[in-house]
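Each remark here refers to the structure printed beneath this line.
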Amino acid sequence: MDQSKEQRILNSVSYNAVKGDPESVINCIDKYCSQYEWAMNVGDEKGTILDKVVEEADPSVALELGTYCGYSAIRIARLLKPNTRLLTIEFNPEFASIAKEIIEIAGLSEKVTILEGHSEDIIPQLKKKYEVETLDFVFLDHWKERYAPDTILLEECGLLRKGSILLADNIIYPGAPEFIKYIRSNKRFECTSYPSHLEYMKVEDAMEKAVKDPGAAAMLF
Ligand SMILES: O=C(NCCCOCn1ccc2cnccc21)c1cc(-c2ccc(F)cc2)cc(O)c1O
Ligand SMILES: [Mg+2]
């Protein structure tokens, strides 16, 4: 049976990347996807914005919705301090298995836990089953129409605290209009838009950062 694009990405990483070197895995995927086959990794331009927000959040516990091949999980996990962790949810079993191998090649398997399933089923399990208290950082990169309902679900499950940082990909393309409407009209969140481009293309895109109750967090210190 013909190999999938994601399997070909794994082949390229396995053959070209330096084992245990996250930067080389990131560069290898970006090179493959800009030269051979486009794929929906956050990419290097938006990836730099992701890096900056992760460094600002300096999370102890981070959540990603939409693992795909593990590219953004590696970008996030490579910046995490010792004894901190990234939980990433993927519902496509083939993607989850490929991401697992690519994250292993990057040497970040200790820091990253891939949870297979739908976000709406897994989010309510995070406290009890995955021993999460609250999430310091959440990267939204899954079905765009799930960004708003899953943000509400995270709230309902008591998983967000004062100062929790959300970062959403693809605000312009493919677009997440319901999420933008919800988050920018919600007084509990302070939003910032970061204009950029669709991964590996000259198409406009943007990321949206939303900080929960920022003032309250600031008042605490
Ligand atoms: O669709 C995209 N991502 C989402 C994947 C499915 O995610 C499904 N999924 C993953 C966990 C998970 C958990 N629960 C439910 C669904 C869950 C996505 C799409 C494009 C894109 C841009 C231009 C095009 F011409 C075509 C596509 C770019 C992106 O950056 C994206 O992120
Ligand atoms: Mg995306």
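Here, each number is a calculation from the coordinates, and none is a lab measurement. If you're wondering where the values come from, they're calculated on a predicted model, not measured in any experiment. Quick reminder, even Gly has a Cβ in these numbers, built from the backbone with ideal geometry, and neighbours come from all protein chains shown.
Taking each DSSP H run with n ≥ 4 as -39500 (n - 2.57) and averaging over every residue of the chain yields -12000 deg cm²/dmol at 222 nm.
Just for the chain, what percent of DSSP beta bridges are antiparallel, to the closest 5?
Numbers: 13 of 32 bridges.
Roughly 40 percent of the DSSP beta bridges within the chain come out antiparallel.
Comparing Cα centroids, the stretch 74-108 and the stretch 158-182 end up 21 angstrom apart.
When GluC sites (Glu not before Pro) are flagged only if DSSP places them in a loop and at most 12 other Cβ atoms lie within 10 Å, the longest unflagged stretch of the chain comes out as 1-109.
If neighbour count is taken as other Cβ atoms inside 10 Å, put MET207, MET201 in order from fewest to most.
On the way: MET207 23, MET201 13.
Going from sparsest to densest Cβ surroundings: MET201, MET207.
Note on GLN35 and ASN83: their simple-model spin labels are 4.3 nm apart, each label 7 Å out from Cα toward Cβ.
Translational diffusion coefficient, Stokes-Einstein: compute it for the chain using the Kirkwood radius over C-alpha pairs as Rh, at 20 °C and 1.002 mPa s, and state it as an integer in µm² s⁻¹.
On the way: Rh = 17.5 Å.
The Stokes-Einstein estimate is 123 µm²/s.
Taking neighbour Cβ counts within 10 Å as the exposure measure, how do ASP205, ASP141, ASP213 sort from fewest upward? Present the calculation step by step, with values, prior to reporting the outcome.
Values: ASP205 22, ASP141 25, ASP213 17.
The most exposed by this proxy come first: ASP213, ASP205, ASP141.
Under a crude label model (7 Å from the Cα following the beta-carbon direction), how far is GLU55 from SER109 in nanometres? With each label placed 7 Å out from Cα toward Cβ, I get 3.0 nm.
Can you sort LEU166, LEU108 so the residue with the fewest Cβ neighbours within 10 Å comes first? Mind showing how you got there, number by number?
Details: LEU166 26, LEU108 21.
The fewest-first ordering by Cβ neighbours comes to LEU108, LEU166.
For the stretch 134-152, list residues with backbone N below 14 Å from a point placed 7 Å from the Cα of SER185 toward its Cβ? Answer for this model: 148-149. Among the chymotrypsin sites (Phe, Trp or Tyr not before Pro) in the stretch 120-203, those located in a DSSP loop and surrounded by at most 15 other Cβ atoms within 10 Å of their own Cβ are TYR130. Here's the picture: a label point sits 7 Å out from the Cα of SER14 along the beta-carbon direction, and within the stretch 51-76 the residues with their amide nitrogen under 16 Å of it are 69-70. Projected onto their three principal axes, the Cα atoms of the stretch 1-123 cover extents of 39, 30, 23 Å, largest first.
Apply 1/(1 + (r/R0)^6) to the Cβ-Cβ distance of TYR173 and GLU145, taking R0 = 22 Å, and write down the FRET efficiency to the nearest 0.05.
E between TYR173 and GLU145, to the nearest 0.05, is 0.90.
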